[in-house]
Amino acid sequence: MSTLIRNGTVITAVDEYVGDILIEDEKIRAIGKNLDVKADNIIDAKGKYIMPGGVDQHTHFDFSFGDATVFGWEGSNAALVGGTTTVVDFVNQKIGWSMKDSVDEYVETKVNGKAMCDYSFHGVVYDPSDALFEEIPKLPEIGIPSIKLFMAYKGHPYHCDDAAIFKALQASKEAGVTIMVHAENADVIDVLQKQLVAKGKTEPKYHAVSRPPLVEAEATQRAIYLAMMADAPIFVVHVTCKEAMEVIRDAYIKGVPAYGETCSHYLVLDTDNLSKPNFEGAKYVCSPALRGEEHREALWEAIKKGWLKCVSSDHCSFSWKEHKVLGRDNFINIPNGAPGLQDRLAILWTYGVEKDKISRQKLVELFATVPAKINGLFPQKGTIAVGSDADIVIFDPEWKGVISNKTSLHGVDYSSYEGMEQIGRAEKVFLRGNLTVDDGKFTGELGQGQFIPGKPFGLAYQER
Ligand code: URP
Ligand code: ZN
Ligand code: ZN
């Protein structure tokens, strides 16, 4: 089965040119001008952009907050409709279990037969035992070269102290395993939460008050110092504020291998969303919290200048009516996390490229190429090159619409971006050469996604 995409404007992280792409046996076989080849299908992409399928390195298809559990892989076709062909999902270690056994069980019970996009994994530490630290250097053998530790969420089973983070950093470095941290000062948040609730300040907007920017900046700085003491690189996930971004930027400028990402919602939403009446604000409770405009602008500048490396979704599908409502009387009990898997490209294009905040090449870098490199998936994923997987988006820049939960496939009862303007869309999406989105609609099959093992030393590799 072969497909020839003719006359599209191909965008990569470094290039832009009009050309033809030949797809055969799930791979890109040839790229050129007026390719003189035969193919089973020919698509005329004149006037359309051709970009690599996105790599979203931060999704939670399995996450619990108290009694609430997110919608799972049955919603993974949302990735494809949004132009993302590969996700790197967080797999939670089971307490008393090895990471490998936790991953095997997860795949068997929750992923197999359901995943619709390709996927790789990060481990999430729940049980920082000696056995876990001994296992860390072996994780690349099972294609999982990264783990996340939560500095936040005091009292939750996944909270880790500094000793755990330091030991994980020490264990990771020789093997090229990336240590990722959720950087927030859990103790300060706990104190502020209790003080606010004692004063009757229980509405969703107080979520942000209990987690001010310095809570994030302090933990980010501490994590970087821990990494320096362990002489290991570090990656800070979901950076939301100017102060935390500057800590990472300044450490990097001094030669410390410290890196970070931000997420789509921090680029376009803000604390006003948390103040929406009738408990609507709960939809936007995620951690770290949404910030004000000054921070949004700092984040746009940071991604443009390369101080933050990529833009993820932090997709975490708690439903509003079933799960968020658990915090109706107290924001502390609102499950943290929001859906966004389908909207990353729409946000980056509409509010980044169209507003001249980033170039088309920068979009591809943030959306696909760098996350593929960080997670050891490049060049199989994240670019348009001969030999790469034929994960391709045919993007119509003329399309205009509005983001709505009515057209979201993520399986919950709201969209974080409801009613926001969208310019351009993924008109056709190929996953390893198979047309899986046509005319913006999912046309693939349940279970078509494949595991793509990640290679270690991704942080060093993305520097090149
Ligand atoms: O609020 C968030 N971000 N929920 C998902 C879990 C996490 O902290 O990444
Ligand atoms: Zn987190
Ligand atoms: Zn997350």
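Given H placed on each backbone N at 1.01 Å, which residues far from LYS148 in sequence or on other chains put an amide H within less than 5 Å of it?
For LYS148, the qualifying residues are GLY123, VAL124, VAL125, MET180.
Return the calculated 222 nm mean residue ellipticity for the chain, to the nearest 500 deg cm²/dmol, obtained by summing -39500 (n - 2.57) across DSSP H runs with n ≥ 4 and dividing by the residue count.
Rounded to the nearest 500, the figure is -7000 deg cm²/dmol.
Using 7 Å Cα-to-Cβ label points, what is the GLU280/VAL14 separation (nm, one decimal)?
It is 4.6 nm.
Any idea of CYS117's accessible area? Nearest 10 Å², probe 1.4 Å.
Solvent-accessible area, nearest 10 Å²: 0 Å².
Quick one: divide the alpha-carbon radius of gyration of the chain by 2.2 N^0.38 Å and tell me what you get.
On the way: Rg = 21.0 Å, N = 464, 2.2 N^0.38 = 22.7 Å.
Normalised Cα radius of gyration, the chain: 0.93.
Amide H neighbours of GLY260 under 5 Å, at least 5 residues apart or on other chains, H built in the peptide plane: list them.
Correct list: VAL236, LYS309.
Return one whole number: the accessible area per residue of segment 116-203 in Å², for a 1.4 Å probe.
I get 37 Å² per residue for segment 116-203.
Would you mind telling me the share, in percent, of accessible area of the chain contributed by carbon and sulfur at probe 1.4 angstrom?
Ligands and nucleic acids excluded, carbon and sulfur reach 49 percent.
Taking H as built 1.01 Å from N, whose amide H comes closer than 5 Å to the amide H of HIS58, not counting residues under 5 places away?
For HIS58, whose amide H was placed from the backbone, the distant partners under 5 Å are VAL88, SER313, ASP314.
Nearest 5 percent is fine: what portion of the DSSP beta bridges confined to the chain is antiparallel?
Taking every DSSP beta bridge within the chain, about 50 percent pair in antiparallel fashion.
Report the calculated FRET efficiency for GLU74 and GLU322 (r = Cβ-Cβ distance, R0 = 22 Å), to the nearest 0.05.
0.90
Let me have the relative contact order for segment 53-380, percent, based on Cα pairs under 8 Å that are six or more residues apart.
The value is 19 percent.
If Lys and Arg each add +1 and Asp and Glu each add -1, what is the summed charge of the other residues whose beta carbon sits under 12 Å from the beta carbon of TYR106?
Net charge around TYR106: -2.
The values are calculated or read from the model by the stated rules, or taken from the named source; none is laboratory data. None of the values given here were measured: they were computed from a predicted structure. Every residue, glycine among them, receives a Cβ derived from its backbone with ideal geometry; neighbour counts consider all protein chains shown. Remember, those area values only see protein heavy atoms, side chains included, never the ligands or the DNA or RNA. Shrake-Rupley method; radii C 1.70, N 1.55, O 1.52, S 1.80 Å.
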